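Since the structure comes first, as structure tokens, the remarks are kept for the end.
The values are calculated or read from the model by the stated rules, or taken from the named source; none is laboratory data. These figures come from a predicted structure and were not determined experimentally. Neighbour counts are summed over all protein chains in view; Cβ atoms, including those assigned to glycine, are modelled from backbone coordinates with ideal geometry. Quick note on the areas: whole protein, heavy atoms, side chains included, nothing else; ligands and nucleic acids left out. Shrake-Rupley method; radii C 1.70, N 1.55, O 1.52, S 1.80 Å.
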Amino acid sequence: MWWILALVSALFLGVYDVVKKVSLNNNAVFPILLFSSISSSLLFIPLLYFSNSGLLNESSLFYIPTISTTEHLMLLLKSVIVVGSWSFSFFALKHLPLTIVAPIRATGPLWTLIGAIIIFNERLSPLQWIGIIVTLGFFYLFSIAGKTEGINFKRNKWILFIIIGTLLGAVSGLYDKFLLQKINRMAVQCYFTFYQVALMIPIVLIIWLPQRNKTTTFKWRWSIPLIGIFLIIADFFYFYALHIPDSMISVISALRRGGVIIAFTFAAIFFNEKNIKVKALYLLGILVGITLLIFGTK
């Protein structure tokens with residue numbers, strides 16, 4: 001049961017990456033971030049109302065409990081980290097091929113593991129060391145493949161943006177591990193989306209709106225609200241899978257990384273991106289390395 005939920009989560013994550021790319025092509029980034037965040041938050045308003053009114057009880061999968069002021073502040077910090085990650089990642093995805101961005105994002109567990117080593121003094125198993133070497137090796141080969149498309153990994157600022165976004169995503173992942181030990185999973189998802197909207201409104205009004213005539217114009221596309229919706233659904237199935245007593249986090253994490261294959265395949269077929277065979281080989285190598293990292297966890 002739980003591994004099926006993990007596969008469903010991976011499916012929606014892959015679609016989430018695709019609708020992001022469709023929305024961002026020749027479009028303004030910050031308004032897309034705002035409207036996709038609003039679409040996420042709208043899903044939780046009725047659930048929050050039903051929870052507070054007693055129409056949903058604590059045994060329901062969709063129940064959202066009341067949390068303390070301290071817990072609200074903790075979720076506000078999570079929103080700050082994620083908004084930073086999303087901002088860098090969205091700008092990079094706007095300017096780079098999806099078949100470049102998706103494999104770089106797939107290295108997220110590597111940076112999360114390195115963070116865990118630094119913060120929690122975790123030790124690596126031999127299999128994890130092999131996983132790190134394999135992942136970094138294929139990441140280097142991937143950077144060489146990018147040069148054939150005129151994308152220099154050392155000098156292209158959008159590559160720097162996606163790396164920063166991925167690193168911030170790893171920080172968010174480490175913080176999630178801490179939060180979910182203290183706060184209900186539905187409360188984390190719900191209030192995080194509310195604070196994300198609260199953060200994006202001043203960013204759009206103060207940073208983007210005054211400069212909108214000097215930058216890329218905003219074009220409404222129906223794929224924009226789907227960004228937030230698909231992400232919420234993917235995260236719901238992920239947290240639900242973890243909630244099942246006999247579930248294995250190592251297997252769930254490995255399956256969830258498979259979502260990148262969906263995004264990569266869609267980009268290869270519909271976006272006519274270059275060097276697909278070489279990129280696919282290197283992507284496979286990165287995924288093998290990540291799988292070794294996950295299954296090598298003690």
Going by what's in this entry, would residue 40 be described as assigned to a helix (DSSP H, G or I) and within 17 Å of residue 199 (Cα to Cα)? yes
Residues of the stretch 33-68 classified as of a type in the set (Ser, Thr, Tyr) and more than 30 Å from residue 23 (Cα to Cα), total: 8
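Residue-by-condition table, conditions (1) at pLDDT 80 or above; (2) assigned to a helix (DSSP H, G or I); (3) closer than 23 Å to residue 137 by Cα:
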{"residue": "239", "(1), (2), (3)": "no, yes, no"}
{"residue": "247", "(1), (2), (3)": "no, no, no"}
{"residue": "263", "(1), (2), (3)": "no, yes, yes"}
{"residue": "267", "(1), (2), (3)": "no, yes, no"}
{"residue": "284", "(1), (2), (3)": "yes, yes, yes"}
{"residue": "288", "(1), (2), (3)": "yes, yes, yes"}
Working only within the stretch 35-65, note down all residues that are open to solvent by 20 Å² or more (accessible area, probe 1.4 Å) and either touching a residue at least 24 places away in the same chain (Cβ under 8 Å) or of a type in the set (D, E, K, R) (or both). 35, 38, 43, 47, 48, 58, 61, 62, 63, 65
Residue count, the stretch 266-283 (criterion: on the phi < 0 side of the Ramachandran plot and touching a residue at least 40 places away in the same chain (Cβ under 8 Å)): 11
Can you find a residue that is polar (S, T, N, Q), open to solvent by less than 20 Å² (accessible area, probe 1.4 Å) and touching a residue at least 60 places away in the same chain (Cβ under 8 Å) anywhere in the stretch 16-25? yes
Only one of 51, 59, 85 that is polar (S, T, N, Q) and part of a loop (DSSP other than H, G, I, E, B): 59
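The rows are residues; the columns are (1) outside any helix (DSSP H, G or I); (2) open to solvent by 10 Å² or more (accessible area, probe 1.4 Å); (3) within 25 Å of residue 14 (Cα to Cα).
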site	(1), (2), (3)
70	no, yes, no
77	no, yes, no
91	no, yes, yes
103	no, no, yes
110	no, no, yes
Enumeration of residues in the stretch 159-184 that are assigned to a helix (DSSP H, G or I), of a type in the set (A, V, I, L, M, F, W, C) and open to solvent by less than 40 Å² (accessible area, probe 1.4 Å): 159, 162, 170, 174, 179
Identity of the residue in the stretch 200-219, modelled with pLDDT under 90 and charged (D, E, K, R), that ends up least open to solvent (accessible area, probe 1.4 Å): 212
